[in-house]
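Report on the following structure.
The values are calculated or read from the model by the stated rules, or taken from the named source; none is laboratory data. Remember, it's a predicted structure, so these values are computed and weren't measured experimentally. We place every Cβ from the backbone using ideal geometry, glycine too, and count neighbours over all the protein chains shown. Ligands, DNA and RNA are stripped out before the accessible areas are found, and what is left, the full protein with its side chains, is counted by its heavy atoms. Shrake-Rupley method; radii C 1.70, N 1.55, O 1.52, S 1.80 Å.
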Amino acid sequence: MILVLSPNTQEESPAYQELISRLDRLSGIQYRVHRVAGAEVTLTEIYLIGTTAGLSADVVGQLPCVEKVVRVSEPYRILGRHKENDVRTWSFTYNGIRFGQDTFHVFAGLCAVDSRESVEAMMRALAEQGQVCTRMGAYKPRTNPYAFQGHGKNCLPYVFELAGKYGIKVIAMEITHESHIAEIEEALKQTGNPTGVMLQIGTRNTQNFELLKFVGRQHTFPVLIKRGFGITLDESLNAAEYLASEGNRNVIFCLRGMKTNMGDPHRNFVDFSHVPSVKRLTHMPVCIDPSHSVGTRAVSPDGILDVFHVAAQGIIAGANMVLVDFHPFPEKALVDGPQALRLNELKPFLNDCAIAREAYLKRVANMNASK
Ligand code: PEP
Ligand code: MN
């Protein structure tokens, strides 16, 4: 059950205090307060968790400050689209960049940071193309325990410094342990907050519930959560809901393909047909990762790389974000070189994305015109 309070409800007000003391007395029910401060109004919602079935929505609706009660029995209580709360707008702005189901951003960058030179070459290329977002892996989960697992916190100062130098506003960066958040915060502070970070939960950690809870409790960084490679879409959406249930709903959901040899010759079975499904089931902006889906630089007879093809397929279906691997020298990359695009492919890739995005917007206009 979600209690939507009157706009601008003050925490110090006697009415709010009365509401809280009434909620404290409900047995078997816990609550979490979520406040969203907008430019003009501050909205407060209280999520009741536990055995809410016995609570009468009418009675709860009479409590002080409560404007509306939304009973949510469907899954993904907070992130899901439900008839009652469909109208709530769910875009969020982080470091000047807005993310929603109506926006579109490309995060091209290094799968793994290997050297300062690679980072600088990548960021310079992005700046030349007017890009303000990137991906940079500092903490890499690897199958082989002897493989390079990223430079970790040691590379953060130069990654953030260079991001500032080249006007990068948001860096998608996977974390594999809760301690990485403090390391990122510390490095941002040390370098004077030149950029922003979107915390990425990788496919191997989609159901690492304790990590999800920890990440969901912080409100500094938005979160990009990848679909689990071997679980159902419903299970992955529930994983995303863990983040929101702990208070952070600045969450983007990323499709990255499913692990099965049915997807051969691609590294994973591309699942971008689920872009509209995720947008229909939830309020989350949807990202696609064509690099980890395809996993190679294979080229079709039409001269277009498979990575370009599948990215366009996701974008024409309404994807809001593309996470894609590039490297100045893919043959020298320490992680995922075989799937990395080259810097001279950045401009054509961005153009191809723009073509597909325009086609998507035309498809939407076409459909609405016929209504
Ligand atoms: C990545 O984006 O670098 C990555 C490891 O992806 P995934 O978690 O989808 O394998
Ligand atoms: Mn990778």
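Data for the structure
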| quantity | calculated |
| --- | --- |
| Residue identified as within 16 Å of ligand 1 (Cβ to nearest atom) and aromatic (Phe, Trp, Tyr) among Phe272, Phe349, Phe329 | Phe272 |
| Close pairs from the range 278-298: first within 19 Å of Asn250 (Cα to Cα) and open to solvent by less than 20 Å² (accessible area, probe 1.4 Å), partner of a type in the set (Val, Ile, Thr) and modelled with pLDDT under 95, Cβ under 9 Å, at least 6 apart | His283/Ile78; His283/Thr89 |
| Index of the failed condition, Lys332 passing every other in (1) open to solvent by 20 Å² or more (accessible area, probe 1.4 Å); (2) within 16 Å of ligand 2 (Cβ to nearest atom); (3) over 22 Å from Gly150 (Cβ atoms) | (3) |
| Filter result for Phe308 (away from ligand 2 (no atom under 16 Å from the Cβ), of a type in the set (Phe, Trp, Tyr) and within 21 Å of Leu126 (Cα to Cα)) | yes |
| Close pairs (8 angstrom Cβ cut-off, 6 or more residues apart or separate chains): charged (D, E, K, R) in the range 329-347, in a helix (DSSP H, G or I) and more than 14 Å from ligand 1 (Cβ to nearest atom) anywhere | Arg342/Pro330 |
| Among (1) closer than 18 Å to His105 by Cβ; (2) away from ligand 1 (no atom under 16 Å from the Cβ) - the single one Asp289 does not satisfy | (2) |
| Identity of the residue in the range 239-287, out of contact with any Pro (no Cβ under 8 Å at 6 or more places or on another chain) and of a type in the set (Asp, Glu), that ends up farthest from Asn205 (Cα to Cα) | Asp264 |
| Residue match in the range 155-165 (condition: more than 30 Å from Val36 (Cβ to Cβ), away from ligand 1 (no atom under 16 Å from the Cβ), open to solvent by less than 10 Å² (accessible area, probe 1.4 Å) and in the same structural domain as Ala340 (by TED's automatic domain parsing)) | yes |
| Helices (runs of 4 or more DSSP H) contained in the range 241-316 and holding at least 2 residues under 16 Å from the mean Cα position of the chain (by Cα) and within 30 Å of Ile2 (Cβ to Cβ) | 275-281 |
| Which listed residue is in contact with a helix residue (DSSP H, G or I) (Cβ under 9 Å, 6 or more places away or on another chain) and basic (Lys, Arg), from Arg116, Arg98 | Arg116 |
| Single residue of the range 131-154 satisfying the filter (more than 16 Å from ligand 1 (Cβ to nearest atom) and within 22 Å of Ala340 (Cα to Cα)) that is least open to solvent (accessible area, probe 1.4 Å) | Gln131 |
